[in-house]
Amino acid sequence: MVIKVIPNLIKRIFTNIFRGRKQIKLGFYGPPNSGKTTLANRISKDWLGEELGKVSKVPHETREVQFKEEVIVKHKGKELKFKLIDTPGIATKIDYEDFLHFGLSVREAKKRAREATKGVIESIKWLDDMEAVIVVVDASKNPYTQVNITIVGNLVARKIPVLIVANKTDLRGAKIKKVEAAFPEYEVVGISAKKGKNMEEFYESLFNLIKKR
């Protein structure tokens, strides 16, 4: 017996399967003010039309994990569904006095320092939930830091796919090759999340990263 299936029914079946696909937990990690939230905002704005979090020049603006659900990214005819997870910047030392240089009062600075310290701990705890991670570094600064090495080392130990983003390429002192030299075993893509520069290459690298899962 030959069963004829209506084309529209086939389309509906595949559409439902596609809609039901699991979203990928994509984390943004890096030191404070490297541009994690700026990049997460760029992606969220590109595909949802809204930003994820607040950014500022004051370090540790993001002090709690924040996320966007069901962000569907399209690239070259393919689609992936992400849960974007923006984490507080990781630091080995947080001194409230550093915040005083940005015009915060002593009370505000101490409060921010306490919240930032709590945020670092929260960021590390969330590592176990990540399925892929974007490590964002400031391309205008030295990439050979204890923070960067610690972050990547923790991801390697957990066997989580990693993409290194050399951000802030719009700055005069940006050196992508230095970032590449610091992380020779990983793909490095240079972008300016703030300016939206080289985002197509970023999305290409992101899709390649997910293939490795």
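The values are calculated or read from the model by the stated rules, or taken from the named source; none is laboratory data. Keep in mind it's a predicted model, so treat the numbers as computed, not measured. Please note: Cβ atoms are built from the backbone with ideal geometry, for glycine as well, and neighbour counts cover all protein chains shown.
Data table
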| item | result |
| --- | --- |
| Subset of segment 22-58 [of a type in the set (S, T, N, Q), farther than 19 Å from LYS81 by Cβ and part of a loop (DSSP other than H, G, I, E, B)] | ASN33, SER34, SER56 |
| Inter-residue pairs, beta-carbon under 6 Å, first free of Cβ contacts under 8 Å to residues at least 60 places away in the same chain and in segment 144-159, second part of a loop (DSSP other than H, G, I, E, B), 6+ apart | GLN146/THR92 |
| Top-ranked residue of segment 143-193 - restricted to ones that are modelled with pLDDT of 95 or more and of a type in the set (Lys, Arg), ranked as nearest to the chain's Cα centre (by Cα) | LYS168 |
| Total residues in segment 164-202, condition part of a loop (DSSP other than H, G, I, E, B) and either buried (at least 17 other Cβ atoms within 10 Å of the Cβ) or touching a residue at least 24 places away in the same chain (Cβ under 8 Å) (or both) | 17 |
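Matching residues to (1) under 19 Å from the mean Cα position of the chain (by Cα); (2) modelled with pLDDT under 95; (3) farther than 23 Å from ALA132 by Cα:
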{"site": "ILE24", "(1), (2), (3)": "yes, no, no"}
{"site": "LYS57", "(1), (2), (3)": "yes, yes, yes"}
{"site": "PHE67", "(1), (2), (3)": "yes, yes, no"}
{"site": "LEU84", "(1), (2), (3)": "yes, no, no"}
{"site": "PRO88", "(1), (2), (3)": "yes, no, no"}
{"site": "LYS110", "(1), (2), (3)": "no, no, yes"}
